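Shown next, in structure tokens, is the structure this report addresses.
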Amino acid sequence: MDPGGPVRSLVWGAGAIGGTLGASLARAGHDVTLVDTVAEHVAAINRSGLTISGPVAAFTTSLPAFIPDTLRGTWDTIILATKAHHTETAARALRPHLTPAGCVVSAQNGLNELAIAAAVGEAHTVGAFVNFGADYLEPGVIMYGGRGTVMVGEAFGDRRISRRVTAIRDAWRDFDDRAAATPNIWGYLWAKEAYGAMLFATALTNDSIADGLGRPAYRGLYIALAREILAVALARGVHPEAFDGFDPAAYLPDAPTGAAERSLDQLVAHNRKSAKTHSGIWRDLAVRKRPTEVDAQLGIVAALGAAAGVPVPLTARLVELIHEVERGERPQGLAALDTLAGVMR
């Protein structure tokens, strides 16, 4: 894999994130193949190309797409972009398509590099942090709503910026010219876990991300959630990194007065700029009526917190409340957020 040259990639999961990234790379001249379990989506891509809409970029590009059972061949670079709770199944399914010297890059939310490494080995696992906004609209159509930080880094070993990470970064700059490489990918992933907990909380309501984070009455709740997650990260020796208005240091107990509120203001401003108004979590609950990534994203934090001796009562209760909404036992609304806030009393 040569830095600066075209990268041949298999994108496993051609939804909002994988589809946007894959289509953008293909349009720039990279050799990209898509895999998705939704047959209608695959058929639409093969029939008419993959269409990216929205304010950031609007184009249609042709590229091959397959369902897993029909895929043949091997790749040096496989970008895994499924929902977090499908990681283990997808990692096992893609393993026959990974070359002996190849790597799997996790373009997902969560700490999925741990599950990927268990399936393909640490030496074959590369971490990535993607915070751009996109939504799957219909078969063959994805809305790219807002730019965000894009980082790539080695997840295991000495974590120096390797040749393969540099090559992936250079290729991904054809998607976003600000894409960067980092020796601390876990710092970004854990920081997004803290931000992600806030997004799960806003998804208990029907507020947009910006409106939810902007509500003064619940800012103490959002700050406490982030602080719980970051406490687990610190206990595991991780140094969380700032991104797109989220400054982990602002949420720590020794932060200057008002620092967390200023960070929330920046997050509100960042999200106001995106055509993607609501989180994918909210869409799973309110629109697509399907299970969320809550166990894979936040359930794992509760387990790691317990192992590190760090209590996370808000996070654990948030997981329970999301499941209640999934099962139809609790409506989305501010009352659900009030129930979560009750843990702090």
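The values are calculated or read from the model by the stated rules, or taken from the named source; none is laboratory data. For clarity, every value in this text was computed on a predicted model and none was experimentally measured. Note that we place each Cβ from the backbone using ideal geometry, even for glycine, and neighbour counts take in every protein chain shown. Each accessible area value is taken on the protein alone, full model and side chains, heavy atoms only, with ligands, DNA and RNA left out. Shrake-Rupley method; radii C 1.70, N 1.55, O 1.52, S 1.80 Å.
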For this session: Say whether the condition of being touching a Leu at 6+ places or on another chain (Cβ under 8 Å) and either in a loop (DSSP other than H, G, I, E, B) or over 25 Å from ASN271 (Cβ atoms) (or both) is met by at least one residue in segment 94-103.
Result: yes
Exercise. Pairs, please: C-beta under 6 Å, at least 6 apart or cross-chain, first residue in contact (Cβ under 8 Å) with a residue 12 or more places away in the chain and in segment 115-131, second of a type in the set (D, E, K, R) and open to solvent by less than 20 Å² (accessible area, probe 1.4 Å)?
Worked result: THR125/GLU113; GLY127/GLU113
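Table: residues versus (1) at pLDDT 95 or above; (2) out of contact with any Gly (no Cβ under 8 Å at 6 or more places or on another chain); (3) open to solvent by 20 Å² or more (accessible area, probe 1.4 Å); (4) not in a loop (DSSP other than H, G, I, E, B).
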site: HIS270; (1), (2), (3), (4): no, no, yes, yes
site: ALA275; (1), (2), (3), (4): no, no, yes, no
site: ALA296; (1), (2), (3), (4): no, no, yes, yes
site: VAL310; (1), (2), (3), (4): yes, yes, yes, no
site: ARG317; (1), (2), (3), (4): yes, yes, yes, yes
site: ILE322; (1), (2), (3), (4): yes, yes, no, yes
site: ALA335; (1), (2), (3), (4): yes, yes, yes, yes
Problem set entry | Residues located in segment 225-250, provided they are open to solvent by less than 30 Å² (accessible area, probe 1.4 Å), part of a helix (DSSP H, G or I) and out of contact with any Leu (no Cβ under 6 Å at 6 or more places or on another chain) | ALA226, ILE229, LEU230, ALA233, ALA250
Problem set entry | Of residues in segment 120-143 being within 27 Å of LYS276 (Cα to Cα) and not hydrophobic (A, V, I, L, M, F, W, C), the one surrounded by the fewest Cβ atoms within 10 Å (Cβ to Cβ) | GLU138
Exercise. How many residues does segment 27-60 contain that are of a type outside the set (D, E, K, R), open to solvent by 20 Å² or more (accessible area, probe 1.4 Å), touching a strand residue (DSSP E or B) at 6+ places or on another chain (Cβ under 9 Å) and not in a loop (DSSP other than H, G, I, E, B)?
Worked result: 7
Exercise. Do you know which of the residues in segment 108-149 that are in contact with a Ser or Thr (Cβ under 6 Å, 6 or more places away or on another chain) and part of a helix (DSSP H, G or I) is nearest to LEU267 (Cα to Cα)?
Worked result: GLU113
